[in-house]
Amino acid sequence: MKKTLYSLIITMLFISCNTDDNSFYNAQNLTVPNLIQIEVPSSDLHVNDYLYINSYVNRLVSEPNQLTPLDIRKSTGNADSFVFSYFLEKKINATDWVYVNIDKNTLIVDKGSVSTGEYLLASALFNTTNDRYEYRVGIPMLTSGQYRISFDYDPLNNLIQMRSNSQDNNIFLNIDTTSNNLDVSGYYNFTVQ
C-alpha cells in the first residue's frame, strides 16, 4: 500500500510538471510571410558580383484574427534586433556540396550586422527613424560555379526562423517567415559565371 501511494505521488508530480517549452523559455511564436528576401539580380551573377540578403521587419505586424497590429518592439521589451542564420554552399561534384567560408571583411554590410563562422548570423537591427528592424548584406561571389543558400529552416512547414534578441525577462518572439525563390528543400540555387 505504501509503495502504491508513493508511486501515485511521484506520478502526480510528473503529470503536473510544465512541459511547455514556450512558457519555460518565455517565448511566443508568430508567423509573418516574406520577411527575408534574396535580391535576385536582373542578369547573371559573375565573379566579384555581390548577392544581397535583406530583411525589413516593421515594428507593427498583423496577426491573424486580430483587429490591431502587434507592436513587436514593445512586446519584446524593446529588443534591439531579430536574428536569423544562413550559409552559402558550393557544389563540388554531382551530389556533394561544401560550405563556403566567408571572410567578414569581404561582406558589404549596408544595414544591420553579421557575424561569420560556420554560418552567417544576421542581426536585423532596430532603426528608430524607419521604425523597423533592418538587415541588408552583400555576399561576394569570388569564384565561378554552382551555389546555394540555405537558412535556419523548418523543412516540415517550409519556414525560416527569426528570433528576437530580448533581454532580461522579456518575451522572446520567434517569427516563422518565408523567403522568395527557395526550392521545396529550402535552398536558393544559383550559378556564378
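The values are calculated or read from the model by the stated rules, or taken from the named source; none is laboratory data. The model shown is predicted, which means the values in this text are computed figures rather than measured ones. Cβ placement follows ideal geometry from the backbone for every residue including glycine, while neighbour counts extend to all protein chains displayed. What goes into the accessible areas is simple: the full protein's heavy atoms, side chains included, and nothing from ligands, DNA or RNA. Shrake-Rupley method; radii C 1.70, N 1.55, O 1.52, S 1.80 Å.
For the range 108-128, filtering for residues that are surrounded by fewer than 15 Cβ atoms within 10 Å (Cβ to Cβ), more than 15 Å from ASP80 (Cβ to Cβ) and of a type in the set (Val, Ile, Thr) leaves 2. Filtering the range 68-107 to residues that are among the hydroxyl-bearing types (Ser, Thr, Tyr) and open to solvent by 70 Å² or more (accessible area, probe 1.4 Å) leaves THR68, THR95, TYR99.
Looking for something among the hydroxyl-bearing types (Ser, Thr, Tyr), at pLDDT below 95 and either crowded, with 17+ Cβ neighbours inside 10 Å or in contact with a helix residue (DSSP H, G or I) (Cβ under 8 Å, 6 or more places away or on another chain) (or both) - is there at least one such residue anywhere in the range 146-154? Among the residues of the range 146-154, at least one is among the hydroxyl-bearing types (Ser, Thr, Tyr), at pLDDT below 95 and either crowded, with 17+ Cβ neighbours inside 10 Å or in contact with a helix residue (DSSP H, G or I) (Cβ under 8 Å, 6 or more places away or on another chain) (or both), which makes the answer yes. The single condition among (1) under 24 Å from PRO140 (Cα atoms); (2) part of a loop (DSSP other than H, G, I, E, B) that ASN105 does not meet is (2).
Scanning the range 131-171 for residues that are on the phi < 0 side of the Ramachandran plot and free of Cβ contacts under 8 Å to residues at least 40 places away in the same chain gives TYR153, ASP154, PRO155, LEU156, ASN157.
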